[in-house]
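Data first, discussion second: the structure below is written as C-alpha cells.
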C-alpha cells in the first residue's frame, strides 16, 4: 500500500504510527491492536477494503499459472473461500513462540498473546490442502518451497495430483500481502 493511504487514519496519529523512513511503527500498532479493541475494529474496517482492492489489482496483473497469496490471518479473517487451495506453513508451537519473540523483540508473554489471537495450529491444519513444515532453519525451508512451487506449477495451481493441468512454466509468482509492499518470483527450474 502506498504511504498516502496511511494518512486516512484520523483516529491514530499518523506521526506516531509512521517511522522516520515512512514505514509503519509495527510495535505501536501491535500495542493499539491488543489494548484498544475499538481502534482495532476501526482500523480493520478501514484497512481490509483497501487491502482487498490492492490484492485484486495485483492479482489481475499476474501472468502465471497460479499465484501464492500469502495472507496473515487468512482463517481469522474468513478469506479461505477466496483461495482455490490453502497452503499452511506449519511450525512447532514453541519454535513459533521463539521466532515471534525474536522477530518482534517482545517478551514471552507478549508473544504468547499475539499467537493466542490467531487461529490455533489445529485450526490452520484443518484448512490445509498442502503443508510445508518449517520448524528447521531458514535455509531448510527454501528447498521445500521450491518443491511445492514446482508441483503447483506442473499442476497449474490446482490439485497436485494433476486433475487439471496447465502448461509448465519456469517461473511462478509469489504474491505477498499488500502491506508487505513487495512481490517476488521464485524460479522453479
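Details
- The calculated FRET efficiency for the pair residue 36 and residue 151, based on their C-beta separation and a Förster distance of 45 Å, comes to about 0.55.
- The length gained on full extension between residue 73 and residue 142, counted as 0.36 nm times the residue separation minus their Cα-Cα distance, comes to 22.6 nm.
- Length released on extending from residue 135 to residue 84, taking residue separation times 0.36 nm less the Cα-Cα span: 15.8 nm
Taken together, the values in this text are just the output of simple stated rules run on the coordinates, not laboratory data. None of these values were measured; they are calculated from a predicted model. Cβ sites come from the backbone with ideal geometry, for glycine too, and all protein chains shown count toward neighbours.
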